[in-house]
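Enquirer: Okay, here's the structure, questions in a sec.
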Amino acid sequence: MFDRLAADDYEQVVLCHDRATGLRVIIAIHSTRLGPALGGTRFYPYPDDASALEDVLRLAKGMTYKSAAAGLDLGGGKAVIIGDPAVARTEALLRMYARFVDALGGRYITAEDVGTTQADMDLIRRETAYVTGVSRSLGGSGDPSAATAYGVLHAMKAVAKHLWGGTDLEGRHVVVAGVGKVGYALLRHLVEERARVSVADVAPAAVERAVRDFAVEAVPVEKAHAIDCDIYSPCAMGAILNPVTIPELHCAAIVGSANNQLADPSCSDLLVDSGVLYAPDYVVNAGGVINIAEELIGYHRERAYANVRRIFDTTTAVIDTAVDRGISTATAADRLAEGRIASVGRVQLLRTSPRVRR
Ligand code: NAD
């Protein structure tokens, strides 16, 4: 266990248990170098404890990089509640979980993720202030999906500027794979931009809604990545970019909201070789965390959205660095995040108040 934590430099992993409610949760804090570790709570029926631990570690580290690259004063953390939310979710379990979050004294701040909802965050709020993404009526920012989609749009504009000399998406063919919360919100922006949009989703109802509401074209899910288009936008599951799909790509660029799009780190080099411009997932999809981070200083929508628009600049900086240094965009994003953690992180080392023992 400790060798695994040392390999990726994790600060703290907490196991919490409550027999009465059946609560089993792992909270992983990867880094608090830039600020409190913010990341969502995943509620999922993991087959065993080892897979839950591996997932929470991977996700927590991902949050460190996402927030660092986005310029936030936040570290990275994540929590997983082991169990099927459809069966195990109860008010008592969530509030007990919230007490454990509270006991960390603000080192970890939670939010919504797969298997948890805004209503869950509202319940958690009754036990701790260390939660974001609560309802607007409680002073929160609500569902982050709209902000995430808005950020994806601005990443697309940065890519368009790099590839075609202007931010205009009019007439560009964009394939959106996954038209759930983020994908659907993205469609609205793309249609407003007069892009030509195709959609794919494993859920027929999601496709029907998109086609009905936006008069877009539907394409088969299994072919979505291989369609000849300007931008392929994965907005569903991870690992969609792998040694099988990458040779089949016929797009100029990939800009989507899905987390962990690369099946493994070597896929970024395969993408470079295939000539497809990959906008790194955690740079592109940071709109959600940028938006909820605003809750920590008092949510203000205009200020939050202005910050989300900065994803344009971050995406541009990553692409420029990759071109200048002859490295992949994925590596350029990692270096941006690691550089900021190293340089800004050390600012806090300067002690400003003496801690004198009496
Ligand atoms: P969602 O569950 O609302 O939507 C996902 C959609 O993808 C669903 O309609 C589902 O039917 C579809 N889908 C599932 N498997 C598919 C496949 N193989 N091919 C095509 N479609 C498929 O989720 P969401 O909140 O829209 O998130 C989408 C992605 O973006 C996820 O990877 C998520 O982790 C990531 N993300 C979301 C946010 C956010 O604010 N919601 C923020 C950052 C990252």
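Enquirer: Which one is nearest to ILE297 (Cα to Cα) among residues in region 64-76 that are in a helix (DSSP H, G or I) and in contact with a Gly (Cβ under 9 Å, 6 or more places away or on another chain)?
Expert: SER67
Enquirer: Any residue in region 330-341 that is of a type in the set (Val, Ile, Thr) sitting within a Cβ distance under 8 Å of a residue that is open to solvent by less than 50 Å² (accessible area, probe 1.4 Å) and not in a helix (DSSP H, G or I)? List the pairs, counting only those 6 or more apart or interchain.
Expert: ILE341/SER31; ILE341/LEU34
Residue-wise test of (1) more than 29 Å from GLN118 (Cα to Cα); (2) part of a loop (DSSP other than H, G, I, E, B).
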| site | (1), (2) |
| --- | --- |
| ASP143 | no, yes |
| ALA146 | no, no |
| VAL159 | yes, no |
| GLY166 | yes, yes |
| GLY171 | yes, yes |
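Enquirer: Name every residue in region 114-139 that is open to solvent by 50 Å² or more (accessible area, probe 1.4 Å), more than 24 Å from THR32 (Cβ to Cβ) and aliphatic (A, V, I, L, M), in order of residue number.
Expert: ALA119, LEU138
Table: residues versus (1) within 25 Å of ARG58 (Cβ to Cβ); (2) charged (D, E, K, R); (3) part of a loop (DSSP other than H, G, I, E, B).
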site	(1), (2), (3)
LYS78	yes, yes, no
ILE81	yes, no, no
LEU94	yes, no, no
GLY106	yes, no, yes
ILE109	yes, no, no
VAL114	yes, no, yes
MET121	yes, no, no
ILE124	yes, no, no
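Enquirer: Test of understanding: among VAL284, VAL323, which residue is out of contact with any Lys or Arg (no Cβ under 9 Å at 6 or more places or on another chain) and more than 15 Å from the ligand (Cβ to nearest atom)?
Expert: Result of the check over VAL284, VAL323: VAL323.
Enquirer: How many of the residues in region 38-63 are touching a helix residue (DSSP H, G or I) at 6+ places or on another chain (Cβ under 9 Å), closer than 14 Å to ASP113 by Cβ and not in a loop (DSSP other than H, G, I, E, B)?
Expert: 7
Enquirer: Still on this structure, I have one more. Going residue by residue through region 210-224, is there one that turns out to be closer than 23 Å to ALA158 by Cα and near the ligand (Cβ under 10 Å from one of its atoms)?
Expert: Yes, because at least one residue in region 210-224 is closer than 23 Å to ALA158 by Cα and near the ligand (Cβ under 10 Å from one of its atoms).
Enquirer: In addition: If the requirement is being in the same structural domain as VAL176 (by TED's automatic domain parsing), under 25 Å from the mean Cα position of the chain (by Cα) and open to solvent by less than 60 Å² (accessible area, probe 1.4 Å), which of these qualifies: VAL207, VAL216, VAL244?
Expert: Going through VAL207, VAL216, VAL244 in turn, just one is in the same structural domain as VAL176 (by TED's automatic domain parsing), under 25 Å from the mean Cα position of the chain (by Cα) and open to solvent by less than 60 Å² (accessible area, probe 1.4 Å): VAL207.
Enquirer: Check off (1) within 16 Å of the ligand (Cβ to nearest atom); (2) in contact with a strand residue (DSSP E or B) (Cβ under 8 Å, 6 or more places away or on another chain); (3) within 25 Å of VAL219 (Cβ to Cβ) for GLY171 and give me the number that stays unchecked.
Expert: The failed condition is (1).
Enquirer: Of the residues TYR150, TYR130, which single one is of a type in the set (Ser, Thr, Tyr) and not assigned by TED's automatic domain parsing to the domain that holds GLY106?
Expert: TYR150
Enquirer: Hey, can you tell me all the residues within region 321-351 that are farther than 18 Å from VAL255 by Cβ and either among the small types (Gly, Ala, Ser) or loosely packed, with under 11 Cβ neighbours inside 10 Å (or both)?
Expert: Selection gives ASP324, GLY326, ALA337, GLY339, ALA342, SER343, GLY345, ARG346, VAL347, LEU349, LEU350, ARG351.
Enquirer: Identify the single condition in (1) under 25 Å from VAL318 (Cα atoms); (2) within 11 Å of the ligand (Cβ to nearest atom); (3) out of contact with any helix residue (DSSP H, G or I) (no Cβ under 8 Å at 6 or more places or on another chain) that VAL207 does not satisfy, given that it satisfies every other one.
Expert: (1) is the only condition that VAL207 fails.
Enquirer: How many residues does region 188-204 contain that are within 11 Å of the ligand (Cβ to nearest atom) and either surrounded by 18 or more Cβ atoms within 10 Å (Cβ to Cβ) or outside the structural domain of GLY256 (by TED's automatic domain parsing) (or both)?
Expert: Within region 188-204, residues that are within 11 Å of the ligand (Cβ to nearest atom) and either surrounded by 18 or more Cβ atoms within 10 Å (Cβ to Cβ) or outside the structural domain of GLY256 (by TED's automatic domain parsing) (or both) number 3.
Enquirer: Additional query: Is at least one residue of region 298-310 surrounded by 15 or more Cβ atoms within 10 Å (Cβ to Cβ), more than 15 Å from GLY71 (Cα to Cα) and hydroxyl-bearing (Ser, Thr, Tyr)?
Expert: Yes, region 298-310 has at least one match.
Enquirer: Identify the single condition in (1) modelled with pLDDT of 95 or more; (2) open to solvent by less than 30 Å² (accessible area, probe 1.4 Å) that GLY142 does not satisfy, given that it satisfies every other one.
Expert: (1)
Enquirer: Related question: Out of region 230-244, which residues are within 15 Å of the ligand (Cβ to nearest atom) and under 23 Å from ALA160 (Cβ atoms)?
Expert: TYR232, SER233, PRO234, CYS235, ALA236, ILE240, LEU241
Enquirer: Something else now. Could you tell me whether region 105-113 includes any residue that is basic (Lys, Arg), without any contact (Cβ under 8 Å) to a residue 60 or more places away in the chain and open to solvent by 50 Å² or more (accessible area, probe 1.4 Å)?
Expert: no
Table: residues versus (1) over 25 Å from ILE290 (Cα atoms); (2) β-branched (Val, Ile, Thr); (3) at pLDDT below 95.
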{"position": "VAL14", "(1), (2), (3)": "yes, yes, no"}
{"position": "ILE29", "(1), (2), (3)": "no, yes, no"}
{"position": "MET63", "(1), (2), (3)": "no, no, no"}
{"position": "ARG89", "(1), (2), (3)": "yes, no, no"}
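The values are calculated or read from the model by the stated rules, or taken from the named source; none is laboratory data. What you are looking at is a predicted structure, and each value in this text was computed from that prediction instead of being measured. Note that we place each Cβ from the backbone using ideal geometry, even for glycine, and neighbour counts take in every protein chain shown. Ligands, DNA and RNA are excluded from the accessible area calculation, which covers all protein heavy atoms including side chains. Shrake-Rupley method; radii C 1.70, N 1.55, O 1.52, S 1.80 Å.
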